[in-house]
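Heads up: the structure comes next, in structure tokens.
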Amino acid sequence: MPASLMQGSAAVAEAAVAAGCRFFAGYPMLPFTDLLEHMARRLPEVGGVCMNAESEIEGVNMVLGAAAAGARAATGSCGQGIALMQEAVAEAALNEVPFVVFNMARGQQDYFQATRGGGWGDYRTITLAPADVGEAVEHTQLLFHLADRYRAPTVLYGDYLVAHTHMGVEVEQRDLGPLPDKDWALDGTRGGTGRSRQIWTWAMGRTDAPGPGPDAHWRRLADKFDGIAATEARSAQHRTDDAEHLIVSFGTSAPFVDHVVDELRADGHRIGSFRPVTLWPFPEAALAATVAAGPCAQVLVFEVNAGQMIDDVRLAVAGRAPVRPIGGVSIDGSGMRQGALLSAAAIRDRVLAAIEEVPSP
Amino acid sequence: MQAEVILTGIGGQGVQLCAKALAMAAVAEGREALLSSHYGGEMRGGQTEASVVVADAGLRSLPILPSTWSAFVMHPAHWAPVAAKLRPGGVVVANADLVAGELLALDGVGNDLVGNDLVGNDLVGNDLVGNDLVGNDLVGDDGATSGCARVLVAAESIAGELGAPMAAGFVLLGAYASATGMVGTASLVAAMRDLVPPYRAQHVEANERAIVAGAAAVAPGSHPVWTAVTA
């Protein structure tokens with residue numbers, strides 16, 4: 001019996017519900033809108049609440065409030081709307097309030113936004129970029145878990161192909177292990193004793209109960225993000241053994257690259273592909289090891305933007321091999337998704353051209 | 001076994017609904033399906049395209065197809081890139097009321113063969129524009145659609161005669177399913193009934209008549225998918 005046919009947005013919504021998400025707020029914007037619609041239908045059925053906010057700013061701040069009260073909560077938009085949310089995301093990161101942000105992006109141009117923080121202060125957001133709908137379901141549950149584990153906002157970097165593709169998917173609740181109690185949650189359980197708690201960036205506390213202060217707060221957060229960077233990087237590889245040419249791509253571009261790798265392998269080319277599954281933390285060590293292990297003559301970076309992930313690839317490869325861009329800007333006429341460059345034929349042409357001209361080291 | 005169809009048209013023709021009905025019917029028949037839809041912000045008149053991949057098991061496909069076994073063409077506006085993806089030995093099922101001339105023009109064949117006056121129901125509704133009339137070798141100069149069979153169906157004329165001009169897409173869908181055997185007519189009807197929302201329930205009967213009429217307008221199994229396609 002095949003799994004039921006489900007739109008990617010519906011599958012992500014089901015995964016969020018399975019993960020225990022009970023509050024969602026957002027403002028419609030394609031290709032995110034379908035996720036909001038599915039959450040609006042599903043959350044009331046499980047005792048949750050979905051708010052169609054008046055703006056992205058209002059939506060993310062509603063989520064900040066729900067999450068601060070201890071609920072599993074999420075918001076989303078495409079990159080344009082998430083740009084508006086950055087102040088609240090930064091506050092959540094610095095105040096250690098966990099929630100998930102779904103970026104159903106209009107393309108791959110939000111890599112910097114997702115991986116560089118985006119708001120103010122020393123923080124990063126754990127960002128997972130699924131290659132397809134099935135992986136988006138896995139990532140959704142993992143992101144709620146990681147958010148709670150690290151008390152930090154996390155990001156799913158999806159796109160039109162994740163949000164709008166229908167395929168057979170089974171959403172099963174996954175046990176991802178124990179989590180710390182949310183003893184910090186502002187949930188009223190102190191019974192109105194007047195011993196108010198604060199979640200405040202500078203962690204100064206009160207005059208009668210001083211906190212650790214801003215310096216200690218920032219250092220602790222920096223250590224936390226360093227720890228995440230050291231332990232949570234995830235990556236995938238395809239036919240990298242003996243590869244002379246290594247292509248790095250992320251998200252829904254990666255299956256296209258893998259398809260081209262298979263085609264070119266059949267033609268005798270020694271080629272493989274590497275995919276950061278977490279965009280932050282970027283799997284630097286795994287990429288460096290892959291390049292160092294093989295006869296890698298060059299690293300080709302395919303991303304459908306003007307060149308963003310290539311910065312992280314260069315940092316990871318660190319001169320072990322030449323790093324060259326083979327992607328570029330390509331927007332569909334609708335403005336809602338990647339354009340003609342995201343096709344097996346176009347990628348194949350660019351890879352072949354790059355193979356013919358390997359730069360000297 | 002795995003087979004693909006790219007559906008192309010303009011917004012308002014029901015291309016997305018047809019694609020979803022086809023994919024759901026395939027799943028209802030025990031197969032796996034992948035549906036990738038593509039449309040702009042406009043509701044009507046803009047580019048609309050969908051890909052459906054159906055497999056016995058272990059479906060594996062990119063959401064933007066590198067190539068396709070078949071095409072479903074409701075409107076010529078965005079047909080050219082689809083034509084370029086057709087593999088030899090495939091089949092094109094097209095809305096003759098709008099597309100015939102374009103198909104032939106692409107192939108360097110004169111339009112007069114299937115001009116509007118020749119594309120009435122009598123000629124095309126019964127799949128007379130199969131290999132006999134148009135030939136097996138409707139090859140474009142670039143060879144892109146080399147060796148593809150054509151099934152031209154006057155979908156809009158047939159839908160008009162049924163009193164359901166909005167259901168032309170379902171006429172073509174019924175014809176596609178019948179000619180290729182990708183899914184059964186009954187499964188398509190059931191999927192359509194599941195998909196049409198309650199506030200559009202008044203169209204269900206007309207849609208069903210359209211699917212059945214489309215299926216009757218072609219020779220069943222004339223271009224069978226499950227024998228023509230190899231994994």
Where A:SER334 falls short, out of the listed (1) open to solvent by 10 Å² or more (accessible area, probe 1.4 Å); (2) away from chain B (no Cβ under 14 Å); (3) without any contact (Cβ under 8 Å) to a residue 60 or more places away in the chain: (2)
Residue in segment B:70-78 that is buried (at least 24 other Cβ atoms within 10 Å of the Cβ), among the hydroxyl-bearing types (Ser, Thr, Tyr) and within 9 Å of chain A (Cβ to nearest Cβ) present: no
Criterion (charged (D, E, K, R) and within 12 Å of another protein chain (Cβ to nearest Cβ)) met by exactly one of A:ARG348, A:ARG320, A:ARG324, A:ARG314: A:ARG348
Verdict on A:ALA340 being closer than 21 Å to A:ALA230 by Cα and either over 24 Å from the mean Cα position of the chain (by Cα) or free of Cβ contacts under 8 Å to residues at least 24 places away in the same chain (or both): no
All positions within segment A:281-296 that are crowded, with 21+ Cβ neighbours inside 10 Å and within 16 Å of A:ALA236 (Cβ to Cβ): A:PRO281, A:PHE282, A:PRO283, A:LEU287, A:THR290, A:VAL291
A:ARG275, sole failed condition from (1) under 27 Å from the mean Cα position of the chain (by Cα); (2) within 14 Å of another protein chain (Cβ to nearest Cβ); (3) in contact (Cβ under 8 Å) with a residue 60 or more places away in the chain: (2)
Some residue of segment B:3-19 being more than 13 Å from chain A (Cβ to nearest Cβ), in a loop (DSSP other than H, G, I, E, B) and under 19 Å from A:THR33 (Cβ atoms): no
Leading residue by the ranking (most open to solvent (accessible area, probe 1.4 Å)) among those in segment B:23-50 that are more than 9 Å from chain A (Cβ to nearest Cβ) and either assigned to a loop (DSSP other than H, G, I, E, B) or under 21 Å from A:ASP132 (Cα atoms) (or both): B:ARG44
Segment A:180-219, residues that are open to solvent by 60 Å² or more (accessible area, probe 1.4 Å) and at pLDDT 90 or above: A:PRO180, A:ASP181, A:ASP215, A:ARG219
Residue that is in contact with a Leu (Cβ under 9 Å, 6 or more places away or on another chain) and among the hydroxyl-bearing types (Ser, Thr, Tyr), where the choices are A:THR125, A:THR115: A:THR115
Residue identified as more than 20 Å from the chain's Cα centre (by Cα), of a type in the set (Val, Ile, Thr) and open to solvent by 10 Å² or more (accessible area, probe 1.4 Å) among A:VAL46, A:VAL17: A:VAL46
Matching option when the condition is aliphatic (A, V, I, L, M) and more than 14 Å from chain B (Cβ to nearest Cβ), among A:ALA11, A:ALA53: A:ALA53
Scan of segment A:103-136 for residues that are in contact with a helix residue (DSSP H, G or I) (Cβ under 6 Å, 6 or more places away or on another chain), over 25 Å from A:ASP183 (Cβ atoms) and open to solvent by less than 10 Å² (accessible area, probe 1.4 Å), ordered by number: A:ASN103, A:MET104, A:ALA105, A:TYR111, A:THR127, A:LEU128, A:PRO130, A:VAL133, A:ALA136
Subset of segment A:254-272 (residues that are open to solvent by less than 10 Å² (accessible area, probe 1.4 Å) and more than 14 Å from chain B (Cβ to nearest Cβ)): A:ILE271, A:GLY272
Failed condition for A:PRO31, given (1) part of a loop (DSSP other than H, G, I, E, B); (2) without any contact (Cβ under 8 Å) to a residue 40 or more places away in the chain; (3) not basic (Lys, Arg): (2)
Options A:GLN80, A:GLN108, A:GLN113, A:GLN141; residue that is at pLDDT 95 or above and in a loop (DSSP other than H, G, I, E, B): A:GLN108
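Could you tell me which of the residues B:SER67, B:SER146 is within 30 Å of A:ILE347 (Cβ to Cβ) and modelled with pLDDT of 90 or more?
B:SER67 is the lone residue from the list that is within 30 Å of A:ILE347 (Cβ to Cβ) and modelled with pLDDT of 90 or more.
Filter segment A:76-123 down to the residues that are among the polar types (S, T, N, Q), farther than 22 Å from A:GLY339 by Cα and in contact (Cβ under 8 Å) with a residue 40 or more places away in the chain and list them by number.
Taking segment A:76-123 and keeping what is among the polar types (S, T, N, Q), we get A:77, A:80, A:86, A:95, A:103, A:108-109, A:113, A:115.
Going one step further and asking which of them are farther than 22 Å from A:GLY339 by Cα, we end up with A:86, A:95, A:115.
If the condition is that a residue be among the polar types (S, T, N, Q), farther than 22 Å from A:GLY339 by Cα and in contact (Cβ under 8 Å) with a residue 40 or more places away in the chain, then A:ASN95, A:THR115 are the ones that fit.
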Options A:VAL299, A:VAL304; residue that is under 27 Å from the mean Cα position of the chain (by Cα), more than 14 Å from chain B (Cβ to nearest Cβ) and crowded, with 23+ Cβ neighbours inside 10 Å: A:VAL299
Those residues of segment A:315-329 which are within 14 Å of A:PRO295 (Cα to Cα), without any contact (Cβ under 8 Å) to a residue 40 or more places away in the chain and open to solvent by less than 20 Å² (accessible area, probe 1.4 Å), in sequence order: A:VAL317
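The values are calculated or read from the model by the stated rules, or taken from the named source; none is laboratory data. Just so it is clear, the structure is predicted and the values come from calculations on it, not from any experiment. Ideal geometry is used to build each Cβ from the backbone, glycine not excepted, and the neighbour counts take in all protein chains shown. Side chains are part of the model used for accessible areas, which takes the heavy atoms of the whole protein and leaves out ligands, DNA and RNA. Shrake-Rupley method; radii C 1.70, N 1.55, O 1.52, S 1.80 Å.
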